[in-house]
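Below is one structure, written out as structure tokens; comments come after it.
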Amino acid sequence: MAVTEKNSRRRILLGESNNALFNLVAVNGVIFIILGFTLLIYKVTSQGPAGSGLLQFQREVLDWVALPGSFSKLASRPWTLVTGMFVHVDAWLVISNMLWLWAFGYIMQELTGNRQIVPIYLYGGIAGSVVFLLVCNLSPALRGAASGMELMGANTGIIALAIATTMVAPDYRIFPMLNGGIPLWILTIVYVAVDLAGLGGAPYAYHVAHVAGAAMGFVFVKELRRGRDWSAWMQHVYDWLINLFNPGNVKEKKVFKKELFYKNQGNPPYTKTPLITQQKVDELLDKISQKGYQFLTDEERELLKRASEEDL
């Protein structure tokens, strides 16, 4: 727990370029603004009866970025498997979604670093999209209406992030000033209940899609604990693209000389113990921020433990 407290003092700042959570919220917000502005243009320039601008916007814009319920439509717009999870047209929905995304993403970023948030969000969104398509097209009750159904919004990605964050630290507490704090799992239950209740009487394909997103968050963390990081390939692709378009930013990895000294008190003779320096502690905290605590070696974890005990 001391490591988490140490790490919390070095949170990724809001304006930093590598703040994945901020970038994810910003992408959702920018797309919402673009779609809202486009809808306004359609309404203002519409020559038909009332509501014709909205219908034209739906047909010419929204249908090409939201995930369709039928495979035949998907064949002509396969990118909607990804774009659908970033599409919002309701102001209250995008505001509530971004608040929940920030709440769970902030905790996940603090606990595991900066590079797991976007992959979990994408995996959850894609899992929800695939299950939504399968239910719409394989369920006899929905097959006839599938062509008129669409899945959009960040909900499937957010619920994946909520479940993943809760699995990482179910006893993490928010608002510690309130009688010791509220456990994270309670916040997650509240969010899941609000999310599913918000679907109301919508076809059950939407409910199953959200459950699939939650299941993906669960599986992602289970696989991570087994040593299989499903986000690694995404991170490699991202780094490759960054280096491709910004070759001047490619930096050689620094090799720091290991500083060792001998301590004979309480240890066998000639046992090497790493010297605790502020520079070394900062390097380890940066490593936690970027990759997560689970990527530290046993020696590095022991060093951080000693540093916290000595209040370095």
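Points worth noting:
- For segment 60-70, the tally of residues that are assigned to a helix (DSSP H, G or I) and open to solvent by 20 Å² or more (accessible area, probe 1.4 Å) stands at 3.
Rundown of residues vs (1) surrounded by fewer than 20 Cβ atoms within 10 Å (Cβ to Cβ); (2) part of a helix (DSSP H, G or I); (3) of a type in the set (A, V, I, L, M), yes/no style:
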residue: Leu39; (1), (2), (3): yes, yes, yes
residue: Lys43; (1), (2), (3): yes, yes, no
residue: Gln58; (1), (2), (3): yes, yes, no
residue: Ser72; (1), (2), (3): yes, yes, no
residue: Pro78; (1), (2), (3): yes, no, no
residue: Gly84; (1), (2), (3): no, yes, no
residue: Ile95; (1), (2), (3): yes, yes, yes
residue: Phe104; (1), (2), (3): no, yes, no
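- Residue count, segment 236-255 (criterion: open to solvent by 100 Å² or more (accessible area, probe 1.4 Å) and at pLDDT 75 or above): 3
- Pair list, Cβ under 7 Å, 6 or more apart: segment 215-235 residue open to solvent by 70 Å² or more (accessible area, probe 1.4 Å), other residue of a type outside the set (Phe, Trp, Tyr): Phe218/Ile163; Phe218/Met167; Trp230/Pro119; Trp230/Glu223
- Applying the condition of being within 26 Å of the chain's Cα centre (by Cα) and small (Gly, Ala, Ser) to segment 37-69 and asking which residue is modelled with the highest pLDDT yields Ala66.
- Filter pass, Val190 being touching a residue at least 24 places away in the same chain (Cβ under 8 Å) and either open to solvent by 50 Å² or more (accessible area, probe 1.4 Å) or more than 16 Å from Met108 (Cα to Cα) (or both): no
- Residues within segment 153-183 that are assigned to a loop (DSSP other than H, G, I, E, B), without any contact (Cβ under 8 Å) to a residue 12 or more places away in the chain and not aliphatic (A, V, I, L, M), tallied: 5
- Qualifying residue in segment 76-91 (condition: farther than 30 Å from Ala193 by Cβ and among the hydrophobic types (A, V, I, L, M, F, W, C)): yes
- Here Ile126 qualifies as open to solvent by 50 Å² or more (accessible area, probe 1.4 Å) and within 21 Å of Val65 (Cβ to Cβ).
- Residue count for segment 110-122, restricted to those that are open to solvent by 20 Å² or more (accessible area, probe 1.4 Å) and either assigned to a loop (DSSP other than H, G, I, E, B) or within 18 Å of Met216 (Cα to Cα) (or both): 3.
- Yes/no for Ala205 being modelled with pLDDT under 95 and in contact with a Cys (Cβ under 7 Å, 6 or more places away or on another chain): yes
The values are calculated or read from the model by the stated rules, or taken from the named source; none is laboratory data. Here the structure is a predicted model, which is why all the values come from computation and not from measurement. Here the Cβ is made from the backbone with ideal geometry for all residues, glycine too, and neighbour counts use every protein chain on show. Just so you know, the surface numbers come from the protein's heavy atoms only, side chains and all, with ligands and any DNA or RNA stripped out. Shrake-Rupley method; radii C 1.70, N 1.55, O 1.52, S 1.80 Å.
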